[in-house]
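The values are calculated or read from the model by the stated rules, or taken from the named source; none is laboratory data. Small disclaimer: the values here were computed from a predicted structure and weren't measured. Every residue, glycine among them, receives a Cβ derived from its backbone with ideal geometry; neighbour counts consider all protein chains shown. Only protein heavy atoms, including side chains, enter the accessible area calculation; ligands, DNA and RNA are left aside. Shrake-Rupley method; radii C 1.70, N 1.55, O 1.52, S 1.80 Å.
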Amino acid sequence: MAVPITRHATAGEPDKLALLRNHSLFGQLPPAAIEHLGSYMKRRKLPRGSTIFEKDDPGSGLMGILSGSVKISVPSADGRDIVLNIMHEGEISGEIALLDGHPRTADATAMTDCELMVIERRDFIPFLRSQPELAIEIIKTLCSRLRRTTDQVQDLTFLNLPTRLAKALLRLVDTEAPASTRKVTITQREISQIIGRSRESTNKQLSIWAKQGWIRLERGAVTVLRPDKIAEVAAEGSELDSS
């Protein structure tokens, strides 16, 4: 079970109300509602590799990512992780367990040093009842996650390795950003877990693209240099993988 590391904001840290005002989910709330919600908010700082929560842990709160990246995964029967999502700054997690009160449905691990905000279920549910528009936005978030999961299952079923890999890379980086910022902190093993292929075959395809100058491989990171080329591979369609 994850060990909580909780701390409150101190002098020199960003105002927690500003964090809520600038958050895509909470920013549209009235000022009084933001102040009310902020009174419940706790902050956590976790180093890379820390377990945030594990599958079947009590679903005790909503987690928002203030900085860093978080891996959401489930263990498979053979002991390998299946990566469901990589979450970044501004995204939220834990909304399923938050709403139904049941245990967590997956593991969450800090892929980088992370700062999180946590709002406990016992505080958030009464607040949510008073803010129906926020409830609608959370439902939209859940629907988006379901669509993403459906797409991921289809990709694993129908797409060949290069197409799966290209789509995964495009989901992980901001393709409109300058090349210097199109870098994602992720291991090649974690990429293979996202696309459901062996680490060896994933590494082989990444190495091919690196030699072509489309990506740059570093220890624990990948930078997409030619998103246009990667997008062409991703758009090739859903031909069955015969390899």
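Report whether or not THR150 is open to solvent by 70 Å² or more (accessible area, probe 1.4 Å) and more than 17 Å from GLU91 (Cα to Cα).
No.
Kindly check whether there is at least one residue in the range 116-125 that is surrounded by 17 or more Cβ atoms within 10 Å (Cβ to Cβ), under 26 Å from ALA168 (Cβ atoms) and under 15 Å from the mean Cα position of the chain (by Cα).
Taking every residue of the range 116-125 in turn, at least one turns out to be surrounded by 17 or more Cβ atoms within 10 Å (Cβ to Cβ), under 26 Å from ALA168 (Cβ atoms) and under 15 Å from the mean Cα position of the chain (by Cα).
Taking GLU200, is it open to solvent by 50 Å² or more (accessible area, probe 1.4 Å), assigned to a helix (DSSP H, G or I) and farther than 14 Å from LEU84 by Cα?
Yes; evaluated as a whole, the condition is true for this residue.
Please find, within the range 126-136, the residue that is most open to solvent (accessible area, probe 1.4 Å) out of those that are touching a residue at least 24 places away in the same chain (Cβ under 8 Å) and either more than 26 Å from TYR40 (Cβ to Cβ) or part of a helix (DSSP H, G or I) (or both).
Filtering first and then ranking leaves GLU133.
Taking the stated definitions as given, is ILE119 among the aliphatic types (A, V, I, L, M), under 15 Å from GLY94 (Cβ atoms), touching a residue at least 24 places away in the same chain (Cβ under 8 Å) and in contact with a helix residue (DSSP H, G or I) (Cβ under 6 Å, 6 or more places away or on another chain)?
When the stated conditions are applied, ILE119 does not pass them.
So, ILE139, is that one open to solvent by 70 Å² or more (accessible area, probe 1.4 Å) and of a type in the set (A, V, I, L, M, F, W, C) or not?
Values: open to solvent by 70 Å² or more (accessible area, probe 1.4 Å): yes; of a type in the set (A, V, I, L, M, F, W, C): yes.
Spelling it out, ILE139 is indeed open to solvent by 70 Å² or more (accessible area, probe 1.4 Å) and of a type in the set (A, V, I, L, M, F, W, C).
Filtering the range 46-87 down to residues that are part of a strand (DSSP E or B) and in contact with a Cys (Cβ under 7 Å, 6 or more places away or on another chain), which residue is most open to solvent (accessible area, probe 1.4 Å)?
The qualifying residue most open to solvent (accessible area, probe 1.4 Å) is SER67.
Which residue out of ALA166, ALA108 is at pLDDT 90 or above and not in a helix (DSSP H, G or I)? Reasoning before the result, please.
Numbers: ALA166 fails: not in a helix (DSSP H, G or I).
The unique qualifying residue is ALA108.
Do we have ARG80 as over 17 Å from the mean Cα position of the chain (by Cα) and of a type in the set (Lys, Arg) here?
Yes, satisfied.
Could you tell me whether any residue of the range 206-217 is part of a loop (DSSP other than H, G, I, E, B), modelled with pLDDT of 90 or more and among the aromatic types (Phe, Trp, Tyr)?
Checked against the condition, which is being part of a loop (DSSP other than H, G, I, E, B), modelled with pLDDT of 90 or more and among the aromatic types (Phe, Trp, Tyr), the range 206-217 yields at least one hit.
Would a scan of the range 95-102 turn up a residue that is within 25 Å of ASN22 (Cβ to Cβ) and in a strand (DSSP E or B)?
No.
So how many residues does the range 1-43 have that are open to solvent by 80 Å² or more (accessible area, probe 1.4 Å), at pLDDT 75 or above and closer than 17 Å to ILE65 by Cβ?
Result for the range 1-43: 2.
So if I check each of ALA210, ALA108, which one is in contact with a strand residue (DSSP E or B) (Cβ under 7 Å, 6 or more places away or on another chain), open to solvent by less than 50 Å² (accessible area, probe 1.4 Å) and free of Cβ contacts under 8 Å to residues at least 12 places away in the same chain?
Among ALA210, ALA108, only ALA210 is in contact with a strand residue (DSSP E or B) (Cβ under 7 Å, 6 or more places away or on another chain), open to solvent by less than 50 Å² (accessible area, probe 1.4 Å) and free of Cβ contacts under 8 Å to residues at least 12 places away in the same chain.
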